[in-house]
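What follows is a single structure, written as structure tokens, with notes after it.
Values in this text are rule-based calculations from the coordinates and carry no lab data. This one's a predicted model, so the numbers in the text were calculated from it and none came from an experiment. Don't worry about glycine lacking a Cβ; one is built from the backbone with ideal geometry, like all the others, and counts go over all protein chains shown.
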Amino acid sequence: MVKKLLVAAAFCSALPVMAADPDNGQELFHEVELERVIRGVEYTDANCYTCHEASYFKRQDRAATTWPKLKAWIEGCNTNLDVGWFPDEAEDVAAYMNREFYKFPVAE
């Protein structure tokens, strides 16, 4: 029995890790609508562009300078604003933003 479990565990650990899905990330990114007060203004439909214009993501002096840092920034927004994405969904959003704006090399 133990041997079968070890074989099954070894097999499962050899399966490829699912890559982030930028198409799903695009959908999630554009579906965000939060009720928030931001800079003194009450919103019922706040989204990523409420705080960040598209040009924000293309700046030369942006804080996210690598793929891991971009993922951390996305997870930070997800957590701090209580967006509600699961970790894999936040990574999908990061993959979408990387595809559209950042173009960082991604090590899988």
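Here are some notes:
- The stretch between Thr79 and His30 holds 15.9 nm of extra length on full extension. This uses 0.36 nm per residue minus the Cα-Cα distance.
- Of the residues Trp67, Trp85, the one with the fewest other Cβ atoms within 10 Å heads the list, and the complete ranking is Trp67, Trp85.
- Ala63-Ile38 FRET efficiency (beta carbon distance; Förster radius 30 Å; 0.05 resolution): 0.95
- Over the C-alpha atoms of segment 17-102, the Rg to Rh ratio, Rh being the Kirkwood estimate, stands at 0.96.
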